[in-house]
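**Q** Could you have a look at this structure, given as structure tokens, before my questions?
The values are calculated or read from the model by the stated rules, or taken from the named source; none is laboratory data. Worth saying up front: this structure is predicted, and the values here are computed from it rather than measured. Cβ: placed from backbone, ideal geometry, glycine included. Neighbour counts: every protein chain shown. Ligands, DNA and RNA are stripped out before the accessible areas are found, and what is left, the full protein with its side chains, is counted by its heavy atoms. Shrake-Rupley method; radii C 1.70, N 1.55, O 1.52, S 1.80 Å.
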2 protein chains.
Amino acid sequence: MKEPVNAEQARHVEELYGPLTRSLRTLIDLVIRSEAEDSDVRHAHALIDQAAALLSSRLDPEPFGVRTTAEGGILTWGNVAIGMRNAIAPPLDVIRGEDGHVSADVTLDAPYEGPPGHVHGGVCALVLDHVLGATAHRPGRPAFTGTLNLRYVAPTRLGKIRIEAWIESETESKTVAVGCITNPEGVVTVRAEGVFIRPKARS
Amino acid sequence: MKEPVNAEQARHVEELYGPLTRSLRTLIDLVIRSEAEDSDVRHAHALIDQAAALLSSRLDPEPFGVRTTAEGGILTWGNVAIGMRNAIAPPLDVIRGEDGHVSADVTLDAPYEGPPGHVHGGVCALVLDHVLGATAHRPGRPAFTGTLNLRYVAPTRLGKIRIEAWIESETESKTVAVGCITNPEGVVTVRAEGVFIRPKARS
């Protein structure tokens with residue numbers, strides 16, 4: 001675990017990198033769909049390389065990992081599903097309801113495409129793994145996927161989807177969760193069941 | 001299906017967007033790990049917005065989908081797992097061997113992180129879905145995931161991994177595939193079994 005960050009510092013980094021990462025998500029989409037003149041594409045490429053040079057002037061040699069705030073908060077800014085600084089992350093905004101219910105509403109557009117016009121089956125798996133896994137996390141005790149079983153019952157169109165999960169059963173070290181993806185018409189497109197393991201807290 | 005592209009045009013787009021997308025993958029990583037001065041981060045952000053403005057001067061309103069070349073090739077440049085123009089894609093370079101064996105060697109670094117230092121379980125699912133599914137694809141007849149069952153037997157560290165899949169059984173419309181992720185020491189970290197459905201070819 002890396003050095004704790006104080007809350008003010010964390011807010012400052014969020015203000016700096018949140019909007020930057022959102023711009024980068026837009027750029028990922030544009031690189032897929034652009035039909036600009038060659039000269040504009042080459043110019044854009046040069047600007048991207050300049051941005052990279054600026055950002056690499058000082059660099060953490062390690063992946064982001066998980067950092068804590070001095071106030072006990074958890075920062076997962078590098079996480080591929082929810083990371084504030086990870087442009088691959090849609091990002092998922094995971095909402096914890098009552099009785100261990102977890103949900104996330106998200107829009108998955110062109111950058112998440114598999115079959116034409118549809119979300120890649122593997123991206124469905126990624127968001128379900130994360131949301132089902134979130135039912136099993138406890139403060140300071142992240143859970144790891146043990147098994148994940150997915151049933152694709154209808155195609156998932158690009159656009160808005162909802163991901164939901166519930167705890168089916170639980171012991172001290174293990175959570176069994178079920179969940180699904182639904183489209184805006186409320187039709188379930190993918191069903192999932194997973195077992196998530198919580199390693200023992202360090203004593 | 002969109003208009004076919006001729007082979008020369010396809011090569012030209014690859015020469016233009018291949019290196020651009022590789023630079024963008026680097027940039028995704030740097031935005032996660034940068035510790036640059038605030039002024040450099042703000043300058044980088046401005047350059048990214050400039051690049052976005054250039055690329056959006058002319059834009060396909062649709063996701064990339066699948067395009068064909070006049071010579072009968074298939075272009076999946078927007079695909080989230082293998083797309084040449086999709087910076088989210090590592091990208092997987094899927095190798096088809098004999099007897100339906102499929103494999104891909106890939107390096108997954110900081111942008112694919114879940115637990116600290118490890119590949120997100122959902123990203124493991126994404127790459128396995130794609131490689132298992134590739135055993136079932138036939139020219140002009142893509143296969144869709146029916147079910148996918150994953151068993152996480154060891155943590156998958158960030159870095160180099162190999163993904164492999166084999167056909168277990170097959171009918172005209174369905175392929176059952178098995179596969180796994182192995183780390184550089186040859187240890188299996190995730191096992192997968194999937195059923196992939198091929199819709200009937202249009203007559």
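**Q** Using θ = phi - 60° and the Karplus relation 6.51 cos²θ - 1.76 cosθ + 1.60, list the HN-Hα couplings for the stretch B:105-117 in order, rounded to whole Hz, with x at every Gly or Pro.
**A** Whole-Hz 3J(HN,Hα) from phi for the stretch B:105-117: 9, 8, 10, 10, 9, 2, x, 10, 6, x, x, x, x.
**Q** Would you grab the residues whose amide H sits under 5 Å from the one on B:Thr69? Only those 5+ places off in sequence or on another chain, please, with H modelled 1.01 Å from N.
**A** Amide H neighbours of B:Thr69: B:Val5, B:Ile74, B:Leu75.
**Q** With +1 assigned to the C-beta of every Lys and Arg and -1 to the C-beta of every Asp and Glu, and no other charges, what is the dipole magnitude of the stretch B:1-120 about the Cα centre in debye, to the nearest 20? All intermediate terms of the calculation are to be shown ahead of the outcome.
**A** Values: 10 positive and 19 negative charges, 63 e Å.
Charge dipole, the stretch B:1-120, about its Cα centre: 300 debye, nearest 20.
**Q** If the limit is 29 Å between Cα atoms, which of A:Lys160/B:Lys2; A:Lys174/B:Lys174; B:Lys2/B:Lys174; B:Lys2/B:Lys200; B:Lys2/B:Lys160 go over it?
**A** Values: A:Lys160/B:Lys2 24 Å; A:Lys174/B:Lys174 34 Å; B:Lys2/B:Lys174 27 Å; B:Lys2/B:Lys200 20 Å; B:Lys2/B:Lys160 36 Å.
Checking Cα-Cα distances, A:Lys174/B:Lys174; B:Lys2/B:Lys160 exceed 29 Å.
**Q** How large is the charge dipole for chain A, taken about the Cα centre, if only the Cβ atoms of Lys, Arg (+1) and Asp, Glu (-1) carry charge, to the nearest 20 debye?
**A** Dipole magnitude for chain A comes out near 600 debye.
**Q** Given only helices, namely DSSP H runs of n ≥ 4 each adding -39500 (n - 2.57), what is the per-residue ellipticity at 222 nm of chain A, to the nearest 500 deg cm²/dmol? Could you put the intermediate results ahead of the total?
**A** On the way: 3 runs with 59 residues, N = 203.
Roughly -10000 deg cm²/dmol at 222 nm, from the helical runs in chain A.
**Q** Of all accessible surface on the stretch B:51-199 at a 1.4 Å probe, what whole percent is carbon and sulfur? Walk me through the intermediate numbers first.
**A** Numbers: 3280 of 6080 Å².
That fraction is 54 percent.
**Q** At 7 angstrom along the Cα-to-beta-carbon line, where would the label on B:Pro4 sit relative to the other copies? Give the distances in nm, shortest first.
**A** Ordered by increasing distance: 6.6 nm.
**Q** I want the local charge near A:Glu185. Using Cβ-Cβ distances under 14 Å, sum +1 for each Lys or Arg and -1 for each Asp or Glu among the other residues. Let's see the in-between values first.
**A** Values: positive: A:Arg157, A:Lys160, A:Arg162; negative: none.
Summing Lys and Arg as +1 and Asp and Glu as -1 gives +3.
**Q** Within chain A, which complete DSSP H helices have Cα atoms spanning at least 27 Å along the helix axis and a mean Kyte-Doolittle hydropathy of -1.0 or higher?
**A** Working: long enough: A:7-33 (38 Å, -0.16).
In chain A, the long hydrophobic H runs are A:7-33.
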